[in-house]
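First up is the structure itself, then whatever we jot down about it.
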Amino acid sequence: MLLGARFVSPIGHRRREWWRRSIQSALPFLLFFLSANGLTITTFNILAPVHRSMNAMNHRESSREEWWRPRAEGVATYISTKFASSDVILLQEWWFDEKFTSVFDSVIGENFYRIAERRPSGEEGKMRDDGMCCLVRKSGNLELVKSEKVLTGPQRIAQIIQCKERCSSGEGRSVFIANSHLSFPGDADPKWRR
């Protein structure tokens, strides 16, 4: 017997050949089914400029437009080209600065509806500068219905997006999508971290 040689059963070979032919014959149907009924959902953490440190002095990227604008334009362009066919894009660490928002709207606004939710600060009644954002493709398989914010920690939220499936035959199903940003263990209360 040769080292490394392996015995192949004729029954095993026939079984593998049957599976190969079955998959090849089913592939066109599966591709049609996935393209006709499938959804593409993309998630992306864009790192809000209010969180990004720029140097050893701990200056925030958000403090100077010449720091944050080029990255924001690059991220918006990347999303619009790489994820253009996504039905839904879920963004974490969305910055609510008006100029930042306009950068994204100018690049993706023609193709996507945007809905965003702010997260609360530690102070009663105040909101932070960042949160969640959901982009729903205007020509995609879903129609945006509404978004709700769910408090998941003292300063954390989840975004629940309700969409309606677009169907040519009758009314489409409701689709619920959750967008969340998991916390780095920095909160004082360990109960919220669990």
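A few comments on the model shown:
- Pairs from 82/164; 126/164; 82/149; 126/149 whose Cα-Cα separation, in the structure shown, is over 26 Å: 126/164; 82/149
- Backbone amide hydrogens, once placed in the peptide plane, bring residue 127 within less than 5 Å of 121, excluding anything fewer than 5 places away on its chain.
- Of the listed residues 176, 83, 100, the order by accessible area with a 1.4 Å probe, largest first, is 176, 83, 100.
- Using θ = phi - 60° in the Karplus curve 6.51 cos²θ - 1.76 cosθ + 1.60, the 3J(HN,Hα) couplings for region 118-131 round to 7, 9, x, 8, x, 8, 3, x, 9, 10, 7, 7, 10, x Hz; x is entered for Gly and Pro.
- Probe 1.4 Å, all protein chains present, accessible-area order of 181, 59, largest first: 59, 181
- In order along region 132-142, the Karplus-derived 3J(HN,Hα) couplings, from 6.51 cos²θ - 1.76 cosθ + 1.60 at θ = phi - 60°, round to 10, 9, 10, 10, 10, 5, 4, 9, x, 7, 10 Hz, and Gly and Pro are given as x.
The values are calculated or read from the model by the stated rules, or taken from the named source; none is laboratory data. As the structure is a computational prediction, the values presented were derived from the model and not from experiment. SASA here: full protein model, heavy atoms, side chains in, ligands and nucleic acids out. Shrake-Rupley method; radii C 1.70, N 1.55, O 1.52, S 1.80 Å.
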